[in-house]
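The values are calculated or read from the model by the stated rules, or taken from the named source; none is laboratory data. Treat the numbers as computed from the prediction; the structure is a model and nothing was measured. All Cβ positions, even for glycine, are placed from backbone atoms using ideal geometry, and neighbour counts span all protein chains on display. These area figures cover heavy atoms from the full protein model, side chains too; ligands, DNA and RNA do not enter into them. Shrake-Rupley method; radii C 1.70, N 1.55, O 1.52, S 1.80 Å.
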Amino acid sequence: MQFIATDDRFTLAAVTVATNVEFPFAGYELVLDRIVAQAALTPGTRVLDLGTSTGALTARLHAAGGDVVGVAQAALTGALPDLGRRFERIVSAYAFHELRPTERLRLVTDLFERHLVRDGVVIIGDISFATAADRDRVRSDLGRRWDDRELYLVADEERVALAKLGLRTDYEPVSFCAGVFTLRA
């Protein structure tokens, strides 16, 4: 297991996030489980973990046999460094909602062009909703607890944007406010 950068400010929050059943982390453990299951790792599978924060996903991937390289959240807003190799799987948990839609598309384009092997898979688990109506319903239910500064993903919207890049996108809802995206060329 290798970390390109670390971000220790999230370490203390790991336990709280993992046991939270309310918005925005309802289903957190299930999201991590689904990412690992979708990755379908075999021993030595090269995995790039984007936005490692607590390290919970990185540890699971490593335990499943992955040869894991982690990149901290802060590195996602610019061009990723040359990591010296390509990866069979690129994963991320709870990092993409911190990026503007244009940054997400730029990052995904970069991943497929420079960091993913042919026939590789990108798997993103995050705070997300199947439709804008689902998001708006949760926003209404939460009232002032909703954070309008966050850029939560909406599967229907992401699919359209990613299709323009030539990518197939599957979305699996995991809770009322989280799901897993699987991207393929």
Exercise for review: Could you look at the chain and say what percent of its accessible area is carbon and sulfur, using a 1.4 Å probe and all protein chains?
Suggested key: 53 percent
Review point. Per residue, how much accessible area does the chain show when a 1.4 Å probe rolls over the protein heavy atoms, in square angstrom?
Key: 49 Å²
Check your understanding: Given the chain, what whole percent of its Cα pairs are spread farther than 28 Å?
Key -> 18 percent
Exercise for review: Give the long-range amide H neighbours of Ile90: residues separated by 5 or more places, or on another chain, with amide H under 5 Å away, using H modelled in the peptide plane at 1.01 Å from N.
Suggested key: Leu48, Val121, Val122, Ile123
Check your understanding: Which residues make up the longest stretch of the chain clear of GluC sites (Glu not before Pro) that lie in a DSSP loop with no more than 14 other Cβ atoms within 10 Å, not counting the sites?
Key -> 23-149
**Study point:** For the range 116-125, 3J(HN,Hα) per residue [Karplus equation, 6.51 cos²θ - 1.76 cosθ + 1.60, θ = phi - 60°, Hz, x = Gly/Pro]
**Key:** 9, 6, 4, 6, x, 10, 10, 10, 10, x
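What is the sum of charges, Lys and Arg at +1 and Asp and Glu at -1, for the other residues whose Cβ falls under 9 Å from the Cβ of Val121?
Net charge around Val121: 0.
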Check your understanding: Under a Cβ-Cβ cut-off of 15 Å, what is the net charge of the residues other than Thr102 that fall near it, where Lys and Arg count +1 and Asp and Glu count -1?
Key -> -1
Practice item. Only loop residues by DSSP count here, and only those with at most 13 other Cβ atoms within 10 Å; note down the trypsin sites (Lys or Arg not before Pro) in the range 15-90 that meet that. Key: Arg85
Study note, to complete from the structure: For the chain, the longest principal axis of the Cα atoms and the Cα long axis of helix 28-39 enclose an angle in degrees, to the nearest 10, of 40 degrees
Study note, to complete from the structure: Spelling it out for Ile127: with amide H atoms placed in the peptide plane at 1.01 Å from N, the residues 5 or more places away or on another chain with amide H under 5 Å from its amide H are Tyr94, His97
Exercise for review: May I ask you to evaluate 6.51 cos²θ - 1.76 cosθ + 1.60, the Karplus curve with θ = phi - 60°, for each residue of the range 66-74 and list the ³J(HN,Hα) values in order in whole Hz, giving x for glycine and proline?
Suggested key: x, 8, 9, 10, x, 10, 5, 3, 4
Revision key, fill the gap. Here the gain from full extension of Arg85 to Ala161, 0.36 nm per residue of separation minus their alpha-carbon distance, amounts to 24.6 nm
Review point. Over the chain, what is the relative contact order in whole percent, taking alpha-carbon pairs under 8 Å and six or more residues apart?
Key: 23 percent
Revision key, fill the gap. The helix 132-142 Cα axis meets the longest alpha-carbon principal axis of the chain at an angle in degrees, between 0 and 90 and rounded to 10, of 60 degrees
Study note, to complete from the structure: Which residues qualify? For Val180, with a placed amide H closer than 5 Å and at least 5 residues away or on another chain, they are Glu172, Val174
**Study point:** Low-density loop positions, trypsin sites (Lys or Arg not before Pro), the range 91-185 - DSSP coil, at most 12 other Cβ in 10 Å
**Key:** Arg149, Lys164
